[in-house]
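No value in this document is a laboratory result; all are computed from the given coordinates. Everything quoted here is computed from the prediction, not taken from an experiment. Backbone-built Cβ (ideal geometry, glycine too); neighbour counts: all protein chains shown.
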Amino acid sequence: MQKIKSFEVDHTKLGVGMYISRVDDDIITYDIRMVKPNTPPFLENSGLHTFEHLFATYVRNSKFSKNVIYAGPMGCRTGFYFLTRKMHHKDAIGLVKETMRFIANFDGEIPGATEKECGNCLDHNLKLAKLYAKKMSSTLENWDIKHLNYS
């Protein structure tokens, strides 16, 4: 089998940040790297899960909702993939920054976290999700288009 694109990225050179992972026609996959690869501690499942619920809910309710294809965690627990269509990089960065602030300051019931709505409703941790978002918000504070390349 052919090696998939995400396994062709040199993970020894990646740091925390937001990068363009791949471009497929008009679909951009962003790598929102929240932990340096192979450098524990990794994102804990309960915080990662809550972060996912909040991230996906926010971006799918934003003014760019029609441009959002997917937002979800990496299996390695070092970050998230964010897929967009027909969306300028500047807007994607801005939306991710907004989303981090939203999660960092979120109080209330976690969207979609009931037994009826979620396949693992017992595994959520809002406190951790907020901590992850606060750290990432700080990282992305001055992030712009020139930072989007892995190099």
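Quick look at the values:
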item: Residue pairs, from the table LYS63/LYS97; LYS63/LYS130; LYS66/LYS97; LYS36/LYS135; LYS3/LYS66; LYS63/LYS90, whose Cα atoms sit over 21 Å apart; result: LYS63/LYS130; LYS3/LYS66
item: Identified option (computed mean projected area of the Cα convex hull in nm²; candidates [x] 8.5; [y] 12.5; [z] 9.7); result: [z]
item: Long-range HN-HN contacts of TYR150 with modeled amide H, under 5 Å; result: ILE20
item: Within-11-Å neighbourhood charge of ILE69 [Cβ basis; K, R +1; D, E -1]; result: +2
item: Net charge of neighbours whose Cβ lies under 12 Å from the Cβ of ASP24, counting Lys and Arg as +1 and Asp and Glu as -1; result: +1
item: Relative contact order of segment 71-151, defined on C-alpha pairs under 8 angstrom at six or more residues apart (%); result: 31 percent
item: Note, ³J(HN,Hα) from phi for segment 25-31, Karplus 6.51, -1.76, 1.60, rounded to Hz, x at Gly and Pro; result: 6, 9, 9, 10, 9, 9, 9
